[in-house]
There are 2 protein chains.
Amino acid sequence: MTMSIREKVHAMKLLSPTMAATDSATKNAALLAIADALAASREEIFAANAADMAAASESGISEAVQKRLKFDEGKLSACTEGLKQLAELPDPVGRITLQREMDRDLVLTRITVPIGVIGVIFEARPDALVQISGLCIKSGNCAILKGGRESQQTCGVLFAIIRKAAADAGLPADALLQVSTHDEIDELLKLDEDVDLIIPRGSNAFVRHIMDNTRIPVMGHAEGICHIYVDASADQEMAIPVILDAKTQYPAACNAVETVLVSRAIAGDFLPKLATALSEAHVTVRGDEEVAGIIDVAGDLLSPEDYHTEYGDLTLAVRLVDDVTQAVGHINAYGSRHTDAILAEDPAAVKTFFALVDSAGVYHNCSTRFADGFRYGFGAEVGISTGKLHARGPVGLEGLTTYRYRIEGAGQCVREYAEGTRSFHFKDL
Amino acid sequence: MTMSIREKVHAMKLLSPTMAATDSATKNAALLAIADALAASREEIFAANAADMAAASESGISEAVQKRLKFDEGKLSACTEGLKQLAELPDPVGRITLQREMDRDLVLTRITVPIGVIGVIFEARPDALVQISGLCIKSGNCAILKGGRESQQTCGVLFAIIRKAAADAGLPADALLQVSTHDEIDELLKLDEDVDLIIPRGSNAFVRHIMDNTRIPVMGHAEGICHIYVDASADQEMAIPVILDAKTQYPAACNAVETVLVSRAIAGDFLPKLATALSEAHVTVRGDEEVAGIIDVAGDLLSPEDYHTEYGDLTLAVRLVDDVTQAVGHINAYGSRHTDAILAEDPAAVKTFFALVDSAGVYHNCSTRFADGFRYGFGAEVGISTGKLHARGPVGLEGLTTYRYRIEGAGQCVREYAEGTRSFHFKDL
């Protein structure tokens, strides 16, 4: 008898405390076993990927997606290397974050625990399946995984290898579940009693669609509208390569810059130099009338509503502002609270920017492209969150945990404390 | 010209970074100024409360609600005392929770920041308005407050006093906003672009209604189905007063016990003693056929679906289980992940219970009624969360903050790290 998704996920929910209680040694052994099993099954994986690639090429899927879909020796060794690194990281579960004696023989302890059951819906890259499975295992979570349709064969083989190696290493076999059809996703989104968190990775429209169609909490980001503000005090020699990096190093990334704000005091001098550098890097510059009065801009002149645009390609909006306060005002009004940078040598301007920009990442004198779990030293990331609750910015192992309060007592009742015959003496241990 | 709620809340959103950047001294001065202003305005407050009480009595509102509505000398001094205590607590904002050198002259810092704009919708108690305003001010959040209709006069006066005293002490005047009509609440729930969090306090049906009608994250709890498991190894002399406390000390509270699970090994001996004690405390015992074979039970025999019931009064369900594993299974299947306790002397049983019960609070040998921000030593609480993300259990100042990542660099670009000509050397500072 085949179980429905609803039944499988409910069984997973009941299993999740057992997965959560799995000790570090077993989880780490599973990660290493998965790395070995993947390496040993390279031919099978590459054959499945060749089938996906052939189908993709036949159906005319874009070069960019085909590149993400490809799973070769390089991607495989990055995956196995990543799993081994994950095994070496400290266990994020079981950390005591508060311990307090409330009264004699009455001790409160706050301890980190896994979130429980996490659904991850991700894009074409099959390596994401390996990375996300690894993060969920290390953090003691049960995971429901759904890869892109284009990567179906590759993900099918990868998942089977991961699941078997994990179970053989002693993890609960049903702690990982793969779903593959759109109907199953629709069903999954209804299971708010059993699924604790959904992490969608993909286009803005896709993430927004998920958020609008479930009562399950969603961690992700719908938009990445990042800014760089060039203050009057900026080191202009430094500013140009940083802006180029933030725009061109990977323009489709959510942490690429979309709008550069430039202090009016330096615009006449700085904008022509910036325009030359951008032009050499094939970046199209857009701007309003004021910017067009100084440098050439492409297309229609920009109006304020246009500053909400995430270009995601080699297009950059430029706007002039009086000072850091106006720059902050622009960023908080038009940004997506992802990552924003100030280029400045004046400490007062930096201080204002750090205090008032309401984003997950606020940088001084470097590229917005640093917003990434690997670059933050988290070992890996499950995604980047622009929500303000639970986890912000790149989300690694810590973002996949929550906590629980324990009290160990000796028969204490509340009545005596409520009536005042006993009182708490709070002493942090 | 009057602004609409939408316009006011949008203005508050743009103001929220300024509120967030307010220094500790100003926030603490505001809390003390509010305490003084409330004490100085006692006559005005009591007059407004008398009007609310008269209207409540006229419209036949229940005694219980009238008791919550009453704002007298005792409540006033508890409020002012609470504000003074809050002023003495450490500032939850600006704490550095991670600091890491990524590379030379490239430093990552994670720092706590306020959530931003919080909407709190609370029940009849006017003292909740004071407590919540205080928590939001101390944590640097802007707050939109909506009290119960019954407490309209009292809340109106309290809010005016709080707002004026806070503004006079140097807080942004529009960091606090009061809304009063149902239409305004409906409008508020639509403002997911500008409101970061909604905290509803009230009946389960009310909280569920809020959750179902907004895309804004909601922190709260829809149900409080708490359990006590009496293990075969329990100290039975200790067990009876703890169960009585958990059921009778405040039966309407969400942390009161609803179901007691008893080990079959001791049921024949323990249940009659428990039944006698419960009967003396006017508690109605319900149970299934097995329990009814040992002690008298009231009403229809219970079937499994009935264990989802939150009685909220002097009614208690009793069920027998084989051991701690079965007790954990029952709790994870029928509980609401609020607070559950084990009474046991066997350390192995306690260990299993602590490892596997998936609730915000898991206790050993004490009453479930300890689940409370004051009793945890948080100074105050804005509510109790049964969600697993962001904050669990009693939510105090820490639960009203999130964090932000800062990077301070010297012109670094990602390209060199991506191309491998430079590499990170992660060193925690």
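Computed from the coordinates by the stated procedures, all read-outs in this text should not be read as laboratory data. Predicted model only: the values in this text are computed from it and were never measured. Cβ placement follows ideal geometry from the backbone for every residue including glycine, while neighbour counts extend to all protein chains displayed.
So here's what we get for this one:
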quantity	calculated
Segment B:5-220: radius of gyration over Cα atoms, expressed as a fraction of 2.2 N^0.38 Å	1.09
A:GLY220 long-range amide H proximity, modeled H, under 5 Å	A:THR386, A:GLY387
At 7 Å out from Cα toward Cβ: A:GLU408 inter-copy label distances (nm, ascending)	4.1
3J(HN,Hα) from dihedral phi, segment A:329-345, Karplus parametrisation 6.51/-1.76/1.60, rounded to Hz, x for glycine, proline	x, 4, 5, 5, 8, 10, x, 10, 6, 8, 8, 9, 10, 10, 10, 6, 10
Over the protein assembly as shown, volume per residue of the alpha carbon convex hull, in Å³	176
Phi to ³J(HN,Hα) by Karplus 6.51 cos²θ - 1.76 cosθ + 1.60 over segment B:38-52, Hz, x for Gly, Pro	5, 4, 6, 10, 3, 5, 5, 5, 5, 5, 5, 5, 4, 5, 4
Distance histogram in 5 Å bins (all Cα pairs of segment B:146-198, percent per bin)	4, 17, 22, 21, 21, 12, 2
DSSP bridge orientation in the protein assembly as shown - percent antiparallel, rounded to nearest 5	30
Sequence ranges A:98-105, A:366-373, B:45-52, A:296-303, ranked by mean other-Cβ count within 10 angstrom, highest first	A:366-373, B:45-52, A:98-105, A:296-303
For A:ARG95, B:ARG375, A:ARG406, order by how many other beta-carbon atoms lie within 10 Å, fewest first	A:ARG95, A:ARG406, B:ARG375
Radius, Kirkwood style, for segment B:187-239 when every pair of distinct Cα atoms is counted (Å)	13.7
Cβ neighbours within 10 Å from other chains - mean over A:366-376	6
Segment B:328-381 - convex hull of the alpha-carbon atoms, volume per residue in Å³	81
Placed amide H near B:SER336: partners under 5 Å, 5+ positions off or other chain	B:ILE225
Farthest toward positive dipole pole in chain B [+1 Lys/Arg, -1 Asp/Glu at C-beta], among B:ALA64, B:ILE144, B:ALA173	B:ALA173
Debye equation applied to the C-alpha atoms of segment A:146-304, log10 I(q)/I(0) at 0.17 Å⁻¹	-1.00
Peptide A:385-391 - average C-beta neighbours from other chains (10 Å radius)	6
Net charge, B:ARG201 excluded, C-beta distance under 15 Å - Lys, Arg +1, Asp, Glu -1	-1
Pseudo-label separations to other copies for A:ALA281 - Cα-to-Cβ vector, 7 Å, nm	6.9
Whole-Hz ³J(HN,Hα) from phi, Karplus 6.51 cos²θ - 1.76 cosθ + 1.60, for segment B:381-397, glycine and proline x	9, 9, x, 10, 9, 9, x, 9, 9, 6, 10, 10, x, x, 10, x, 4
Cα-derived Rg to Rh of segment A:65-130, Kirkwood definition	1.26
Residue-span extension gain [A:THR97 to A:ASP300] - 0.36 nm each, minus C-alpha spacing	67.7 nm
Relative packing of peptides B:121-134, B:270-283 - highest average C-beta neighbours within 10 Å first	B:121-134, B:270-283
Local electrostatic count at B:ILE121 - Lys and Arg +1, Asp and Glu -1, tallied over other residues with Cβ under 11 Å	0
Unit charges on C-beta of K, R, D, E only; dipole of chain B, Debye	1440
Among B:ILE115, B:ILE407, B:ILE216: highest mean-square fluctuation, GNM of chain B, C-alpha pairs under 10 Å	B:ILE407
For A:GLY116, distant residues with modelled amide H under 5 Å away	A:CYS142
R0 of 41 Å, Cβ-Cβ distance B:VAL65-A:GLN326: FRET efficiency to nearest 0.05	0.20
Zone of A:SER57's modelled label, taken as backbone nitrogen in segment A:68-88 under 15 Å from a point 7 Å along Cα→Cβ	A:68-72
Calculated diffusion of segment A:383-429, Stokes-Einstein form, Kirkwood radius summed over Cα pairs, 10 °C and 1.306 mPa s, µm²/s	108
Residue-averaged 222 nm ellipticity for the protein assembly as shown, from DSSP H runs of 4+ at -39500 (n - 2.57), nearest 500	-13000 deg cm²/dmol
Net charge dipole size for the protein assembly as shown [Lys, Arg +1 and Asp, Glu -1 on Cβ; Debye, nearest 20]	860
Label point 7 Å beyond Cα along the C-beta direction, distances from B:ASP235 to other copies (nm, shortest first)	6.6
Lys/Arg +1, Asp/Glu -1 at C-beta; chain A dipole; positive extreme among A:ALA55, A:ILE162, A:ALA327	A:ILE162
Cα-projected label distance for A:ASP36 with B:ASP235, points at 7 Å along beta-carbon direction, nm	4.9
Reciprocal of mean inverse Cα separation for segment A:226-370 (Kirkwood radius, Å)	14.6
Exposure proxy order (Cβ contacts within 10 Å, fewest to most) of A:GLU63, B:GLU44	A:GLU63, B:GLU44
Per-pair calculated FRET efficiency, R0 = 45 Å: A:LEU89 and B:ASN213 via Cβ, rounded to 0.05	0.65
Listed residue pairs exceeding 19 Å between alpha carbons, taken from A:LYS247/A:LYS388; A:LYS351/B:LYS13; A:LYS8/A:LYS164	A:LYS247/A:LYS388; A:LYS351/B:LYS13
For chain A, the fraction of alpha-carbon pairs in successive 20 Å shells from zero, as %	23, 46, 27, 4
